[in-house]
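This report concerns only the one structure given below.
The values are calculated or read from the model by the stated rules, or taken from the named source; none is laboratory data. The structure displayed is predicted, hence computed values, not measured ones. Here Cβ is always computed from backbone atoms with ideal geometry, including for glycine, and neighbour counts include all displayed protein chains. The accessibility values were calculated without ligands, DNA or RNA, using every heavy atom of the protein model including side chains. Shrake-Rupley method; radii C 1.70, N 1.55, O 1.52, S 1.80 Å.
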Amino acid sequence: MNVQTPPEKLTAKDFATDQEVRWCPGCGDYAILKAVQRTLADMQVDPEQTVFVSGIGCAARFPYYMETYGFHTIHGRSPTIATGVKLANPDLDVWVVGGDGDMLSIGGNHTMHALRRNVDMQILLFNNEIYGLTKGQYSPTSQTGTRSPSTPYGSVDRPVSAAQFALGAGGRFIARSADILQKHLPVVLQRAYENKGASFVEIFQNCIVYNDGVFKHFTEKGAQADMQIHVEHGKPLIFGAESSKGLRMKQGLLELEVVTIGEDGVTEADILLHDETNRPLAMLLAAMQPPAFPVALGVLYCAPAPTYDGAVHDQINTIKSEKGDGDFDKLLHRGHTWEV
Amino acid sequence: MSEVSALERPEEKRDEVESAVVRFAGDSGDGMQLTGTQFTLTAALAGNDLATFPDFPAEIRAPAGTTFGVSAFQINFGARKIMTSGDELDVLVVMNPAALITNLADVKLGGIVIADTGAFTDRNLAKAGYDANPLEEGDSLDKYRVIKIDMSRLTVEAVKEFGLSNKEALRSKNMWALGLIYWMYGRRRQASVDWLNDKFAKNTDIAAANIAALNAGHAFGETAEMPAEIGGYSIPPAQIEPGLYRTVTGTDSIALGLLKGTQLANVDLTFCSYPITPASALLHQFAAMKEFGVVTFQAEDEIAAVGAAIGASYAGSLGITSSSGPGIALKMEAIGLAIATELPLIIVNSQRAGPSTGLPTKTEQSDLYQAVFGRNADAPMPVISVSSSTDGFDVAIEAVRLATKFMTPVMLLTDGYLANASEPWLIPDMSKYEPFEVEFRTDPEDFQPFSRDPETLARPWVKPGTPQLAHRIGGIERADGSGHISYAPENHQKMTDLRAAKIDGIANDIPEQEIDQGEIGDDLVVVGWGSTYGPINRAVSNMRLEGLKVAHVHLRYIWPLPRNLGDLLGGFDQVLVPEMNNGQLVTLLRAQYLVPAEGFNKVNGKPFLINELETAIRSRLEK
C-alpha cells in the first residue's frame with residue numbers, strides 16, 4: 001500500500017473532471033453541477049467513497065463531470081443499479097441523478113421502490129418538464145397543452161407532480177429547489193446528504209433549448225418573492241416581497257389558504273409553522289401551484305426511518321451471530337446423506 | 001416407532017427386476033410431490049440409482065378433480081445406472097379419475113395401474129370427462145393389470161383412532177399409497193416414519209395418523225390382500241461409485257456451485273431476482289444462506305433485479321440474477337450494459353416452454369438463440385449449460401470463474417426439468433477445487449479503467465472506494481484505455497473487435513470437447529446440450545450394445561464453442577442434434593462449421609424418451 005499524504009482541503013474544483021462538459025450553453029444543468037461540486041467541497045466529502053449513478057438523458061451525463069466514482073447506466077434504471085451498489089457496499093455514498101423522463105417515465109417504478117425501501121442515497125431529479133436529449137418531446141411532468149414535436153397540437157394528458165409522487169411512494173425525505181437558486185440549492189443538497197435514507201430532491205431546471213422559461217413565472221427575479229415560499233422547519237410559512245403573506249389552514253378543511261398579515265385581523269400568530277415531520281402538510285405544500293399559491297421550496301418532509309441497505313446487512317449480521325459463520329461443508333451435507 | 005423389517009414377504013416370492021418406473025398421480029392437493037420425494041429418498045437409501053420427474057400444474061390450487069389440476073411425480077430407480085426418469089411406467093398409482101385419464105397413455109402394456117376406487121365418484125368421473133367408470137365398464141384398461149383398492153375408505157379406517165375429521169383423515173391417503181408401493185418393492189418405511197415424526201413434531205396426532213396410513217398400506221400388501229398374480233419385486237442396489245451421497249435437484253447444485261464459486265474467487269455474492277416459475281427456487285435457496293454473508297434482493301421487476309446485480313458487481317461483489325425465458329428477455333438491455341462496461345455478472349436462465357408465458361411449469365430448451373444472439377448490437381457473451389441435476393455444481397463454479405477472469409456477464413442455461421428433478425450425488429471432495437482468487441486493482445500507477453490484460457483481454461476490476469482510482473464508466477462507447485466517452489469511428493471498431501476477441505478467446509481457456517461415447521469415424525454422432533444428456537446417453541449406449549456405430553457428444557460450452565468442435569464433427573458422416581426446441585443448436589453448428597447437421601426436435605413440455613431417440617437414430621442409420 002502506498003502511504004497516503006493527508007489530503008489538503010478540497011475545493012469545488014477537486015470535484016470536477018477534465019472532461020469537457022457537453023450541455024447546451026445556458027443549460028440549467030451547469031448551475032446544478034456547480035452547486036453539487038461546491039456542496040461536496042464544503043462538506044469535505046471523500047470523493048473516493050462517493051459514487052454518482054445516472055440513467056439516460058441530458059442530466060444523466062452528470063457522473064462524467066464529477067471527479068468521483070461514477071456509472072452512467074441505462075434509461076430509467078439508475079435507482080436499481082444504485083441499490084445494488086449500496087447492497088454490495090453500504091459504506092459508499094451514492095448519488096442518483098436523472099431527469100423527469102428517466103425517473104418518472106421509463107424509470108418511475110424503480111424510483112418508487114427505491115423511495116419506499118428507503119435505500120440510503122440522494123436522488124436528484126432535474127425536472128425541466130421536457131425530453132431534451134431526444135429533442136424536445138413532452139414529458140410526464142409537462143403541463144397539459146404542451147406543444148412539442150410529438151404533441152404539435154398540445155399534449156392532452158395530465159402531468160405527474162414529482163414531489164407528490166415521491167411522498168406517495170413513501171419517501172422519507174422530500175425537498176425542492178431550483179437551478180438558479182445558488183444559495184438555496186446547496187443548503188437543500190446538504191440536508192439531503194445528511195439524511196440517512198432515500199433523499200429525494202426535485203430541482204426545477206430550465207431547458208434553454210426546448211422548454212425555455214417554463215418555470216419563469218416563479219423563478220424570475222421579479223416573481224421569486226411572491227411565487228416562492230422557502231419552507232424551514234419550525235418557522236412560520238411566510239413569503240412575499242414584504243414577508244407579509246403566509247399560509248394557514250382553512251377553518252374546518254384540509255386545505256391551505258394564502259393570507260396577508262395585517263389584513264382581516266390576520267396576525268403572524270395565525271400563520272402555520274412548518275413541521276417537516278408532518279406528512280399531510282408536506283403533501284399540501286407539494287401540491288401548491290401558482291398563481292393561487294407560491295411554489296414550496298426547501299425540505300418539505302424529513303422523517304428518517306431505517307434504511308433498506310442497513311436492514312439487509314443487520315439481518316445478515318444477526319443471523320451470522322446466531323448461527324455462526326456459514327460452513328460450506330455443512331451445507332453440502334445438509335439433509336439426508338447415505339454411504340454407498 | 002418400531003423398526004420395520006425390510007422385506008416382510010419371503011424373498012423367494014419377490015421377482016428381482018433391474019429397474020422400475022413408478023408414477024404417483026393425483027390431485028394437486030393429494031400430496032403427490034411429497035409422496036414421490038419420500039419414495040425417492042427411500043430408493044436412494046436402498047442403494048438404487050435413480051432419476052425423478054416431478055410434473056405439476058401451473059395453477060396453485062386448481063379445482064379438485066379436474067384434469068388440469070393433476071400433479072404427478074415419476075421416479076425411475078434401479079440396480080443399474082439410471083439416465084432418465086423413464087420412458088414408460090411399470091406402475092401408475094392414480095388417486096382419482098382425472099389422474100387416470102391424463103396418465104394412462106404412459107403406462108407400458110401389461111403395466112400395473114393402482115386406482116383409489118373411493119375417488120371414482122360420479123362427480124369426479126364427470127370432471128375427468130368419463131361417461132362411465134373405466135374401472136367397471138369398457139375396455140380402456142384391458143391392456144393393463146388394474147388393482148382397484150378403496151384407499152380412501154381404508155385410510156379413514158386406519159386413522160380412525162386419532163379422531164380426525166373425514167377430510168383430515170383423507171389427507172393421509174397418499175401415505176397409504178406410499179406404504180403399498182413400499183411393500184411392492186420391499187422398501188423400509190423407517191426413513192419416512194422419521195420424516196413424518198419430524199415434519200409433524202408439533203402435531204403428533206397428524207404424524208401418528210400418517211404413519212398409521214403408511215403402515216396400513218404396507219400391511220395391505222403384506223397380508224396378501226393383493227391379487228395373486230401381483231407379487232412383490234426386489235431391485236438390488238446399483239453398482240454405484242462408493243462414497244457419501246445426497247440427492248440434489250438442478251436448483252440445489254447450481255446454488256451450491258455459485259456459492260462455492262464465489263468462495264473460490266474470494267468475492268461476495270449478491271443475488272438479485274424477481275420471482276418466476278421455475279426459477280424462483282434459486283432465490284429461495286440463497287435467501288436462506290444469510291450466514292454465508294449472501295445478500296439477496298427480491299427486486300420490483302426483472303430489470304431491477306439485473307440492474308441491482310450489475311450495481312453489486314460494479315461495487316466489487318459478484319452480482320447474480322436468475323429468471324426464466326420471458327424474464328431474461330426483460331433483462332437483455334441491462335446485460336448489454338454489463339457487456340459494454342465489462343463487468344462480471346451471472347445470469348441463470350431456467351428455461352421453460354414459450355414464447356410469452358407459454359407453459360410455465362413445463363420444460364424446454366428454446367432460449368439458446370436468446371442466450372447467444374438475443375441482444376441489440378454486437379454483444380457477445382459466454383453461454384454455458386447444465387446437463388444434469390448434479391452437473392449444476394461444476395457448471396456454476398465455471399460460470400463464476402469465467403465471469404471474474406474475463407470480466408464478462410455469463411449466461412448459465414438450465415431448464416424447468418433440471419430445476420425440479422433430483423438425482424443422487426456423490427458429494428464431491430472440496431479440496432480438489434482450486435481457488436481462482438480475484439485480484440482487484442488497487443495500484444494507481446498507470447491506471448486506466450479500460451486497459452487490458454494481454455492474455456485474457458479483461459479490463460481491471462476496481463472497487464469504488466479504492467484510493468486514487470476514481471473513474472467513470474458507462475454505456476456510451478468508451479475510449480480504448482481511458483474509458484472516456486468516445487464517438488470516434490475507429491475506436492468503436494476497435495472496441496467492438498476487442499469485445500468479440502475477448503469472448504472468442506475463452507475457447508482457449510476451456511477444455512477441448514470430448515466424445516462422451518463412441519469415436520471419430522462412427523456412422524453418426526448425436527450432439528446434445530443441456531438436460532437431454534440422460535436420454536441421449538442411454539439411447540446411444542443401448543445402440544452401441546447392439547453393435548451400431550453411434551457416438552455421443554454433449555456440449556457444456558455453447559458460446560464460445562470448444563476450439564476443436566469443428567474438427568471433431570467433421571469426423572462423422574452424420575450429425576444428429578436432438579433438442580427440446582425447434583432447432584437452435586443445430587443452426588448454430590451449421591453456421592459455425594458448415595456441417596450437414598440435422599435437427600431432431602420436440603416441444604411437448606416433456607423430456608425426450610429413450611425410445612424416441614433410438615427410433616430417430618435408427619432411421620438415419622438405415623438411410
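The protein assembly as shown has equivalent-ellipsoid semi-axes of 61, 35, 25 Å, by the square roots of 5 times the alpha carbon gyration tensor eigenvalues, sorted largest first.
In the full protein context, segment B:466-617 carries 39 Å² of accessible surface per residue, based on a 1.4 Å probe and ignoring ligands, DNA and RNA.
Among residues other than A:L273 with Cβ under 14 Å from its Cβ, the summed charge is -3 (Lys and Arg +1, Asp and Glu -1).
Beta-bridge orientation, the protein assembly as shown: approximately 35 percent antiparallel, per DSSP, counting only bridges with both partners inside.
If R₀ is 60 angstrom, what is the calculated FRET efficiency for the pair B:I230 and A:H313, using the beta carbon separation as r and rounding to 0.05?
Given R0 = 60 Å and the Cβ-Cβ separation, E is 0.50.
For chain B, the longest principal axis of the C-alpha atoms and the axis of helix B:392-406 are separated by about 10°. Calculated from the alpha-carbon coordinates, chain A shows an Rg and a Dmax of 22.7, 95 Å respectively. Fully extending the segment from B:E241 to B:K494, taken as 0.36 nm per residue of separation minus the present Cα-Cα distance, adds 85.9 nm. When each of the peptides B:325-335, A:9-19 is scored by the mean number of other C-beta atoms lying within 10 Å of its residues, the order from highest to lowest reads B:325-335, A:9-19.
Modelled spin labels at B:I427 and A:E339, positioned 7 Å past Cα toward Cβ, are 1.2 nm from each other. Below 9 angstrom from the Cβ of B:G261, what's the summed charge of the other residues (Lys, Arg +1; Asp, Glu -1)? Net local charge, B:G261 excluded: +1. Model label sites at B:D567 and B:D443, defined 7 Å from Cα along the beta-carbon direction, differ in position by 3.7 nm. The C-alpha atoms of chain B define a longest principal axis, and helix B:173-184 lies at about 80 degrees to it.
Considering helices alone, the calculated mean residue ellipticity of chain A at 222 nm is -8000 deg cm²/dmol, with DSSP H runs of length four and up weighted by -39500 (n - 2.57) and normalised per residue. Counting Cβ atoms of other protein chains within 10 Å of each Cβ in A:64-72 and taking the mean gives 6.
Note on exposure: B:K160, B:K463, B:K13 ranked by accessible area (1.4 Å probe, complete protein assembly) read B:K160, B:K13, B:K463, with the most exposed listed first. Computed from Cα positions, the angle between helix B:302-314 and the longest principal axis of chain B comes to roughly 50 degrees. Computed over the alpha-carbon atoms, chain B gives an Rg to Rh ratio of 1.02, Rh here being the Kirkwood radius from the mean inverse distance. Taking 20 Å as the straight-line reach from the Cα of A:K323, the aspartates and glutamates in range (excluding those fewer than 8 positions away in the same chain) are A:D314, B:D268, B:E291. Carbon-plus-sulfur accessible fraction, segment A:1-151 (probe radius 1.4 Å, protein heavy atoms only): 54%.
Of interest is the spacing of the C-alpha centroids, which for segment B:423-442 and segment B:163-198 amounts to 40 Å. Residues B:M289, A:M43, A:M112, ordered by accessible area of protein heavy atoms at a 1.4 angstrom probe radius and largest first, appear as A:M112, A:M43, B:M289.
Accessible area, 1.4 Å probe, largest first: how do A:D179, A:D314, B:D523 sort?
Per-residue accessible area, sorted high to low, gives A:D314, B:D523, A:D179.
The helix-only estimate of mean residue ellipticity at 222 nm for chain B, built from DSSP H runs of length n ≥ 4 each weighted as -39500 (n - 2.57), is -10500 deg cm²/dmol after division by the residue total.
Quick one: which of B:K199/B:K606; B:K108/B:K173; B:K173/B:K602; A:K320/B:K405; B:K81/B:K362; A:K34/A:K135 span more than 27 angstrom between C-alpha atoms? Violating the 27 Å Cα-Cα cut-off are B:K199/B:K606; B:K173/B:K602; A:K320/B:K405.
DSSP bridge analysis restricted to chain B gives an antiparallel fraction near 35%, rounded to the nearest 5. Comparing Cα centroids, segment B:341-368 and segment B:268-314 end up 16 angstrom apart. Segment A:249-322 and segment A:83-140 have Cα centres lying 21 Å from one another.
Give me the accessible area buried between chains A and B, both sides summed, with a 1.4 Å probe, in Å² rounded to the nearest 100.
The buried area between A and B, both sides summed, comes to about 5400 Å².
Summing charges over all other residues whose Cβ lies under 12 Å from the Cβ of B:Q493, with Lys and Arg as +1 and Asp and Glu as -1, gives -3. Working from Cα pairs under 8 Å separated by at least six residues, relative contact order for chain B is 12 percent.
Placing +1 on the Cβ of every Lys and Arg and -1 on the Cβ of every Asp and Glu, with nothing else charged, gives chain A a dipole about its Cα centre of roughly 580 debye.
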